[in-house]
Structures are given as structure tokens and as C-alpha cells.
Amino acid sequence: RLKTAVEMTSFLSAEVHVIPPGACNLLNSSTIYANNEVNLAEVDIYGFDYDYTLALYSNALNTMIYNTARGFLIEHFKYPEGICKYDYIPNFAARGLHYDIQKGLLMKIDAFHYIQPGTVYRGLNPVPDEEVLQLYGGTYHVPLQQDSGFYGKVKGGPKVKQFMDIFSIPEMTLLAAANDFFITNDIEYDPVHLFKDVSVSEAIGMVHLKGYMYKWVMEDLDKFILRGEETDAVLHRLVSQGKKLFLITNSPFSFVDKGMTHMVGKNWRDFFDVVIVQADKPHFFTDCIKPFRRLDGNGDLRWERIQSLEKGQIYKQGNLFDFLRLTGWRGSKVLYFGDHLYSDLADLMLRHGWRTAAIVPELEQETKVVCTDRYALNLTWLQALTGLMERLQTHRDPESKQVFQEWQSEREELRVMTKNLFNPQFGSIFRTCHNPTYFSRRLCRFSDLYMTSLSCLLNYDLSYTFYPRRTPLQHEAPLWMDQLCTGCMKTPYLEEIQAESDI
């Protein structure tokens, strides 16, 4: 047993096993990751969302959304002209963050509803951890009942809003910029009204409702749509192997038609057995009220009763219950791809037993970071240091206490360094200091598979089985290599008790 801080330090240098050289390079952003076992041989029907699933967009779209919504704040809501000085910051916000509506704070929350220290922002500036504790009554915990839930339906309205889709990134950035303007200029304001003016129901919402986003994309498809040829290749491959395909999207037909023609060709509808536009997800999956309507060749609404969903036709609205009744497509033979964990995937997995696949474009950048030697070194050292601190804490001599404090400071520095490798403000979208993020836990809960883009399917045979890796539970951890230096030892107190019992 290690008895002194000096012995601990010697042990550290002798026993810490770094990640084998090149191991991180095995990570590949074209990999499909499995949360649950999925055998593609059993999947006969492939379903897709459109935005950020079949069509991936460039960052230029976020800038356009931000600039236009900022203009609405000034022109329609009469906000100060000075907000125009705040340009879009591409790498400020990240998906999955929470926003305290009443306090005007943007933050990152882990899977256990705890705020990650160092990731709370008021405007564009971090809030000291001591102030965060004071604001939340001496704790970092955010109660579940204050959260927006799946669809923002909380009695009296949510106090904390989670931003789950990629389209929300410019919204978060505009909220931060507007807050920063009022704070910097010492102008009194109501954070709740600011949130309502900026949110999807007002300025950001106007960008979508007035069709600006659709107009921009349709006018310059090459600028805004990425990797269209890969979408084309995926659809060709699936159809050539006899798979049935369907599309359910909230976007209007004219927009989808222009984008799919650009990516796949004017006969793109031939790939799909069913096409549904303006579906109004997530209500499409939960309500059974709206009937299907057919659109004619000009995109005009027809009013006849829908008795079947026919290939080559375009349908509007509808609901999942009629969809299931008319198609008979049920259970694990259906695999649906989408980018929004709540609106696209949650109900399909939890209520209907479909297989689900999440499109997470952020994986491309995150895996690049994880593959760096700096990340591997930081993570290995951080794990080792944590294990040693766990052992050293039982020693009460002055030397041990001093070493413990030094290690504690070094551990905090490593955490910050590791976070900054992903995003200086909020770190990885998948992890806090040591826990999964709120976003990451939902990703695991609502998706069987997740991947950077649909093109990842091209790397696998359509009879391939995805097997999730067995990751250690905490009580299994000593069996794993990264825990070699953190195994359990008898504490001095336990030894004293045993010694007394032997007398």
C-alpha cells in the first residue's frame, strides 16, 4: 500500500499507462456508432427527414439567419441600432445548451441536471462559478420541472429552454449578443421579453415563417447545400438493393423539390415510395387529428379523401397513426434518420419501436479533436491524476495535503485545457468534465445509431450488424485498462477498524 505522497508520485511516473500510440487515429468521422444492436438485414424500409439529414447546409446559412433575425429585432421590434455592431460568431454556441430565460444565462448541463462550472455565459462573458452558485441557491443543480422538456410544454412556460437542433445555433448567438449589448451599455431590460422577441416565435421565427431561409437556399444551392452527391449515392444504393424509402419533413414541397433536384436529379421522387411535406413534426408523431392531403403537380392542395399513400404523389400534413395504417410499416424493419432527437426520433423509438438514427454533423470536428495527441495525453493524465487523488485523500499528513492541493489545481487546469480543445466557451457537445452532457444522454436514449452524415452508410454492407461496445459501469471499471492506476485499496480507517476487531 502506498503510504506517502512521495510514494504516490513515484507510483504515478512508474505506473501510468498512456493510450497506445496511434490508438486515437483509429477513430474515423465516417464511422456509424451504435447505442443499440441493429442488424441492417432486418431493415426493409428507410425513412428520412430533409433538413440536416438528406440536405446538409453550410455555416453560411447560420450567418444569414442571424443577420436577418438581428435586422428584425431593430426594424420590427425597435431594438437599438447598436446591436448591428454584433456580427455573427461562428464558434460561440454549441448544440444542446440550455438557456435560463429569467436570468438570461446560456449554459451547459450534464445528464444529471447539473450545470458544468465554467460554462455559464451572460451575454458574451462567462459568469464566475461563485456567482452561479449564488444565483441558484448554493447549488449547480437545475430541477427537472424547470426544463423545457421534449417540446417545450411546461405549465406556465419553461424557465429553462434547451436548444436541440442545429438551426438553434444562430438563435443562441443572437440571444447572447443582445444580452451583451444591454449589459455593456448599462441599459435596464427584461430578459424574459428579450427571449420572446428573439426566439422562434418572433425574430428567428420570422426568418422561417416568411420563407427567407427557403429563398436563400433555392437561389444559391451550391453555396448552401453540402455533399449532395453523397445523398444521391446513398439513395441509389438503397433502392438498387430493394429497400423502400420514404420522406417526412416539415419543409414545403417547393423547397424540397429544388434541393432534391439539385442533389439527386429531377426524377428524385422515383426513389421514394411515400413523400410527406409540411408534416408539422413533432405533432405528426403524437397527434391523430390532421388528415393527409395530396398536392397536385403544381403544388396546389387537393381535397379528396386519402385512401392510400401512392408512390410518385406528394402528401401534406397527416399523422403517424394514419401513416402506419395505410403503409403497414411497423417495428424494427423501419429505420428513420433525423437530426432532432426530440422532434424526429424520440416518439418513433419510445412509442412505435422503429429503429432510429441520429445525424450529428458535429461528430466530424469532435473526432478530429479526439484523434490529436494533445487530447490523448490530457485525458490519460487526467484519469491518472483523478485516481491518485482518490487514494491520497485519506492521508492527513501536511505533505500529503499539500500534494493533494497541487494535484487538485493541476486537475482543474487539465479539465479546462481539454474543454478548450473542442470549444473555448462550452467544450464538447457530448461531455462535461466527467459526465455525459444532457444532449449526449438523450442521444443514447433516442437513437439506435448515430453518425456524421448519411454518407456513412456507404461504408457498410446492407446486411451489416452494428454491435454496441460494452462500456464499463462504475463497479466494473477496475477491469478496464484506463483504471489500472485507480484500483480500490483499503483505507487507513478500515485497517484501524479491522485491527481493533482483531484485538
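No lab work stands behind these numbers, since they all come straight from the coordinates. What you see is a predicted model, and the numbers here were worked out from it, not measured in a lab. Cβ: placed from backbone, ideal geometry, glycine included. Neighbour counts: every protein chain shown.
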Taking only the Cα positions of the range 382-429, the convex hull volume per residue in Å³ is 69
Report, largest value first, the span of the C-alpha coordinates of the chain along each principal axis, in whole Å. 90, 60, 40
In whole percent, what relative contact order does the range 331-402 give with Cα contacts below 8 Å and a gap of six or more residues? 22
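Quick one: what do you get for the range 203-269 if you divide its Cα Rg by 2.2 N^0.38 Å?
Values: Rg = 13.6 Å, N = 67, 2.2 N^0.38 = 10.9 Å.
Normalised Cα radius of gyration, the range 203-269: 1.25.
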When ranked by the protection proxy of mean other Cβ atoms within 10 Å per residue, highest first, what sequence do the peptides 379-386, 116-123 form? 116-123, 379-386
Mean residue ellipticity at 222 nm from the helices of the chain, using -39,500 (n - 2.57) per DSSP H segment of n ≥ 4 over the full residue count, to the nearest 500 deg cm²/dmol? -11500 deg cm²/dmol
Using distinct alpha-carbon pairs, which all enter the 1/r mean, Kirkwood radius of the range 189-311 in Å: 16.9
Straight-line reach check, Lys223, cutoff 19 Å on alpha carbons, 8 or more apart in-chain or any other chain, hits among lysines -> Lys215, Lys258
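Hey, what's the per residue convex hull volume over the C-alpha atoms of the range 432-480, in cubic angstrom?
Dividing the Cα hull volume of the range 432-480 by its residue count gives 135 Å³.
Translational diffusion coefficient, Stokes-Einstein: compute it for the range 181-225 using the Kirkwood radius over C-alpha pairs as Rh, at 4 °C and 1.567 mPa s, and state it as an integer in µm² s⁻¹.
Working: Rh = 12.6 Å.
My calculation gives 103 µm²/s for D.
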What aspartates and glutamates could a cross-link reach from Lys281, if we take a straight Cα to Cα line under 17 Å and drop same-chain neighbours fewer than 8 places away? Asp49, Asp51, Asp165, Asp322, Asp339, Asp344, Asp347
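Please sort by residue number the trypsin sites (Lys or Arg not before Pro) in the range 346-447 whose DSSP state is loop and whose Cβ has at most 15 other Cβ atoms within 10 Å. List each step's numbers first, then the result.
Numbers: sites: Arg351, Arg355, Lys368, Arg374, Arg391, Arg396, Lys401, Arg411, Arg415, Lys419, Arg431, Arg441, Arg442, Arg445; in loops: Arg396.
Here the sparse-neighbourhood loop sites are Arg396.
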Proximal lysines relative to Lys401, as straight alpha-carbon distance under 18 Å, when same-chain residues fewer than 8 apart are discounted: Lys3
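To the nearest 20 debye, what is the magnitude of the charge dipole of the chain about its Cα centre, counting +1 on the Cβ of each Lys and Arg and -1 on the Cβ of each Asp and Glu? Show your work: numbers first, answer last.
Details: 52 positive and 62 negative charges, 302 e Å.
Around 1460 debye, computed over the chain.
Please work out the Cα convex hull volume for the range 262-373 and give it in Å³ per residue. Let's see the in-between values first.
Numbers: hull volume 15.7 nm³, N = 112.
Dividing the Cα hull volume of the range 262-373 by its residues yields 140 Å³.
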Orientation-averaged projected area, Cα convex hull of the range 101-226 (nm²): 9.6
